[in-house]
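Just below is one structure, and these are the notes that go with it.
The values are calculated or read from the model by the stated rules, or taken from the named source; none is laboratory data. Just so we're clear, the structure is a prediction, and the values are computed from it rather than from any experiment. Every residue, glycine as well, gets a Cβ built from its backbone with ideal geometry; the counts of neighbours run over all protein chains shown.
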Amino acid sequence: MVKPMDQRDLLRLACETNFAFLALGNQRFEAHGASFIVNHDIPRRHDANCVGLIRSESPDELEALLRRAEAEFADSRHRSWGVDALAPPQVAARLALEDGYRTHDYLVHVLDGELQATPKDIEIREVLTDADWDAYRELDALWWEETSTTTFGAYNAVIHDEFMTYRRLKAPSARGWFACVDGVPRAFFSSWAGDNGVGIIEDLYCHSEYRHRSLATALIARCVADARERGAGPVIINSKPDDSPKRMYAAMGFRPLFVHRGYTKRLDQQKDAPA
């Protein structure tokens, strides 16, 4: 049974968990009323070089924050900001004053009760070995080619290596899981228990030829269970507001909690700048 949590506390902790998941494996520090994530080894990875949990309110503090971001991300070809439900309205207003930013929204759902699903008997195993990570990379490349060319540009193996470096830095805190068909990985997902009582499950992908076989349901059930076995109560998951998975999550007992808005600016026009 998941203990009930005050909704204001839940909102705050969910915002913190969402950002802390991005920070796993990267440098993190606080400055000017916000949190920075920095990884100079992979400067093209947006969510390894970004600012979030912004609580700055005064004009002077916001200006200092923007100056600090310019200094910290001088080697990156992007600027990336996360504006969550608790950010003061001045933050979005100040970013709107800048030119070149595009916005992208994510709907954050929370499961603070029991999962409303009965998974089928599907082989689920953890991503552990180098061979597992090779299989993960193959599926992740399919994900890029299928859904992300408009965002990331044409598939680029060198940049994908950076993406996989970013993902592996999160392990073993964030566990990766495969759903297998006849012993072959056909879908993956990740789980993290968080460090404040709210967990997160992220990065769900299923090979297009193996959808509608309950692989996603089985992975969600395993990842929720793993996060809760490691200490989480409520568990969050993100979706795009204009994409169908949000309906699946709602049917499984996840409820909408808040909308997170990202602001991203690319400093060049090349299509190899990832998100």
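Some values worked out for this structure:
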| read-out | value |
| --- | --- |
| Answer residue from region 164-218, given it is hydrophobic (A, V, I, L, M, F, W, C) and out of contact with any strand residue (DSSP E or B) (no Cβ under 7 Å at 6 or more places or on another chain) and is surrounded by the fewest Cβ atoms within 10 Å (Cβ to Cβ) among those | V184 |
| Counted residues, region 1-52 - those being small (G, A, S) and either in a helix (DSSP H, G or I) or in the same structural domain as R168 (by TED's automatic domain parsing) (or both) | 4 |
| Test: residue in region 150-160 that is in contact with a Gly (Cβ under 9 Å, 6 or more places away or on another chain) and either hydroxyl-bearing (S, T, Y) or under 18 Å from A48 (Cα atoms) (or both) | yes |
| Condition met for R228 (closer than 21 Å to A171 by Cβ, among the basic types (K, R), modelled with pLDDT of 95 or more and assigned to a helix (DSSP H, G or I)) | yes |
| Flag if E57 is among the acidic types (D, E), in a loop (DSSP other than H, G, I, E, B) and not assigned by TED's automatic domain parsing to the domain that holds R168 | yes |
| Residue list for region 202-230, filter: within 20 Å of the chain's Cα centre (by Cα) and under 16 Å from V2 (Cα atoms) | A221, C223, V224, A225, D226, A227, R228, R230 |
